[in-house]
Every structure is written in C-alpha cells, then in structure tokens.
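Structure first, then comments.
The values are calculated or read from the model by the stated rules, or taken from the named source; none is laboratory data. Source: prediction; values computed, not measured. A quick note on method: Cβ atoms are made from the backbone with ideal geometry, for glycine too, and the neighbour counts reach across all protein chains shown.
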Amino acid sequence: MYQQLFEIIAPVLIVAGLGYGWARLGKPFDLATVTQVVINIAVPCLVLSSLAKLTVDLAAFGVMAGAAAATFAIFLALGWLVLRLAGLPSHTFLPAVALGNSGNLGLPLCLFAFGETGLALGIAVFAVSSIVTMTAGQMISAGRLSPAVLFKTPVIYAVALAIVFMATGTRPPKFIASALETLGLMAIPIMLLALGVSLAQLSPGKVKVSGLVAVLRLVLGFGGGWLVATLIGLEGAARGVLIIQSAMPAAVFNYLWAQHYRRDASAVAGVVVISTVLAFLLLPLILAVALGG
C-alpha cells in the first residue's frame with residue numbers, strides 16, 4: 001500500500017522540489033506572470049476538461065455533493081474560529097485549512113480503496129471542492145465578499161459550463177476537448193513548480209506556523225468528514241470516500257490564491273508541503289477508518 005501511495009505523492013514532492021532548487025540557484029521565475037497564466041488559462045481548461053467528461057449517477061452525485069458541502073461549511077466555520085483564537089490571519093490561512101487536495105491526491109485514493117464506485121463518488125466531492133475553492137476560497141483570500149471577484153474569474157464559467165455538460169450528458173467537440181485537455185495539463189506542474197519557488201522564500205520563523213496550520217487542516221478534515229458521514233448515515237463506499245476526501249492535505253490552489261492576492265504565499269506553500277508529508281504518514285490510519293464500515 002505504501003508503495004502505491006508513494007507513487008501518488010512522490011511526483012508532487014519531486015516537481016515542487018525542482019521549483020525549490022531552481023529558486024535556490026537564483027534562476028529567474030516570474031511568479032506574477034505564472035499565476036496569471038494558471039488562473040486565466042490553465043486552471044479553467046483543467047476544470048472544464050475534467051468535469052465535462054464525467055459520467056455519474058446524478059442521484060448519488062447529489063447526495064455526495066450535499067455531504068461535501070456540509071463538510072466545507074464545518075471546515076470554514078471551525079477553521080475561522082481556531083485561526084482567530086490563535087491570532088493567525090484568516091485571509092491567508094483559512095482556505096488552506098478548509099480546502100484539501102481532493103483532486104490529484106484524493107481521487108486516486110478513492111479509486112484505490114473502493115474501485116470505480118469510489119472514483120465516481122470522489123468526483124462528486126471534487127466538483128463541490130472546485131466550486132468552493134473558486135468562490136469562497138478566492139473571496140476569502142481577496143479579503144472581500146464581492147460578486148465582482150467571481151465574474152472576473154474564468155474558472156467560474158468553466159465550472160458552470162461543465163455542469164451543463166454533466167447534466168445533459170453531452171460533450172464538447174473533440175477538437176475543443178483536445179485543446180482544453182492540452183492546456184489543462186500544464187496547470188498542475190506549473191503550480192507545483194511555483195509552489196517550490198515560493199518555498200525557497202519561506203523563512204525559518206514561519207515553518208512553525210505552517211506546521212500548526214497543516215496539523216489543523218488534517219485534524220479538522222478527518223474529524224469533520226467522519227462527523228458528517230456519521231450524522232447523515234452514510235454507509236459503505238459513500239462513507240469511506242467522504243472521510244478520505246475530507247482528510248486530504250491542503251490543496252495547491254490555496255497557494256495560488258495567496259500568491260495572486262499578495263498574502264503570505266511562502267507560509268501557505270509550507271502548509272501545503274507539510275500537510276502533504278504528514279498525510280502520507282497518516283494515510284494508513286485514514287484508510288483503516290474509511291474501510292472500517
């Protein structure tokens with residue numbers, strides 16, 4: 001099991017490590033330009049390409065989406081409270097506390113644990129996470145609850161169009177789908193390289209704060225997922241998938257918003273990396289609970 005988990009997590013750490021090494025060697029890397037390209041081109045294409053080709057049962061999708069929405073509400077409320085008590089800025093750290101890596105890490109784990117059924121249910125959580133990330137996550141980082149923030153974000157239109165494709169069972173023309181997939185494929189590696197570059201700017205004094213926030217993400221995620229699954233009576237694969245997806249480490253997108261809105265991006269990068277390493281160590285426990293029925 002650890003070998004399979006390592007194969008999922010290792011590419012994340014390797015690519016981020018390359019970015020870190022690039023920055024430490026003093027090579028140029030324009031974070032501002034890269035962030036704009038990712039937000040306005042790569043990520044919208046990735047979201048639309050991924051969601052538009054899904055084929056899932058809408059009833060089961062709806063139940064999982066509702067459960068996921070409940071967990072995110074808990075994460076945002078409790079995360080805000082704990083950060084406030086700790087004297088840490090919510091605009092910087094709350095998205096990282098509330099939003100986990102339910103995509104490129106969570107989905108393979110759902111498939112590994114529950115097969116195709118788990119993957120389909122995991123995609124429902126991922127879809128909700130994408131919407132929350134691009135709405136609440138972005139507005140929290142921006143520091144203002146304004147519709148204007150959303151209307152200026154291409155990925156919102158990508159999510160809306162993807163939902164139309166999912167609901168109608170249609171697909172974009174093949175040549176458009178190929179172009180979307182090609183552009184979307186660059187999102188993750190570029191974000192990970194930028195993550196590593198930002199880590200090179202992380203001061204030793206911030207490592208402790210990043211570590212504390214990383215632990216909060218994992219504890220709150222696991223606890224919140226288990227609580228919601230228990231309260232609404234989820235069973236089997238649905239219960240396990242919600243726990244797995246909720247307990248994932250901080251998503252790379254949180255770093256993206258911190259960089260874009262000039263928050264403490266290096267500290268958020270530390271949260272992403274530290275929570276990912278800790279999650280790798282804790283995954284046997286998480287899977288044991290998820291598979292326990």
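Only one of Ala177, Ala158, Ala167 is farther than 26 Å from Pro284 by Cβ, crowded, with 17+ Cβ neighbours inside 10 Å, of a type in the set (A, V, I, L, M) and touching a residue at least 12 places away in the same chain (Cβ under 8 Å); which?
Details: Ala177 fails: crowded, with 17+ Cβ neighbours inside 10 Å; Ala167 fails: crowded, with 17+ Cβ neighbours inside 10 Å.
Testing whether each residue is farther than 26 Å from Pro284 by Cβ, crowded, with 17+ Cβ neighbours inside 10 Å, of a type in the set (A, V, I, L, M) and touching a residue at least 12 places away in the same chain (Cβ under 8 Å) leaves just Ala158.
This table checks each residue for (1) of a type in the set (Gly, Ala, Ser); (2) touching a residue at least 60 places away in the same chain (Cβ under 8 Å); (3) surrounded by fewer than 22 Cβ atoms within 10 Å (Cβ to Cβ); (4) within 27 Å of Val38 (Cα to Cα).
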{"position": "Ile232", "(1), (2), (3), (4)": "no, yes, yes, no"}
{"position": "Tyr261", "(1), (2), (3), (4)": "no, yes, yes, yes"}
{"position": "Ala267", "(1), (2), (3), (4)": "yes, yes, no, yes"}
{"position": "Leu282", "(1), (2), (3), (4)": "no, yes, yes, no"}
{"position": "Leu291", "(1), (2), (3), (4)": "no, yes, yes, no"}
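I'm trying to understand the selection: among the residues of the range 215-247, which are basic (Lys, Arg) and under 15 Å from the mean Cα position of the chain (by Cα)? Write out each step before concluding.
First pass over the range 215-247, keeping only residues basic (Lys, Arg): 217, 239.
Matches in the range 215-247: Arg217 only.
Starting from the range 121-146, keep only residues that are more than 18 Å from Leu161 (Cβ to Cβ) and surrounded by 21 or more Cβ atoms within 10 Å (Cβ to Cβ), then list their pairs with residues that are at pLDDT 85 or above and among the charged types (D, E, K, R) whose Cβ atoms are within a distance under 7 Å, requiring at least 6 positions of separation or different chains.
Every condition considered, the pairs that remain are Ser141/Arg263.
Identify, from the list Ser178, Ser210, Ser203, the residue that is within 17 Å of Val277 (Cα to Cα) and of a type in the set (S, T, N, Q).
Result: Ser210 is the single residue among Ser178, Ser210, Ser203 that is within 17 Å of Val277 (Cα to Cα) and of a type in the set (S, T, N, Q).
Filter the range 153-181 down to the residues that are at negative phi and assigned to a loop (DSSP other than H, G, I, E, B), then identify the one that is modelled with the lowest pLDDT.
Thr153
So Ser102 fits all but one of (1) under 13 Å from the mean Cα position of the chain (by Cα); (2) assigned to a helix (DSSP H, G or I); what number is the exception?
So Ser102 meets the others, but not (2).
Given the conditions (1) out of contact with any Ser or Thr (no Cβ under 6 Å at 6 or more places or on another chain); (2) at pLDDT 85 or above, and given that Gly184 satisfies all but one, which numbered condition is not satisfied?
(1)
Right, Ala113: closer than 18 Å to Val47 by Cβ and in a helix (DSSP H, G or I) or not?
For Ala113, the condition - closer than 18 Å to Val47 by Cβ and in a helix (DSSP H, G or I) - is not met.
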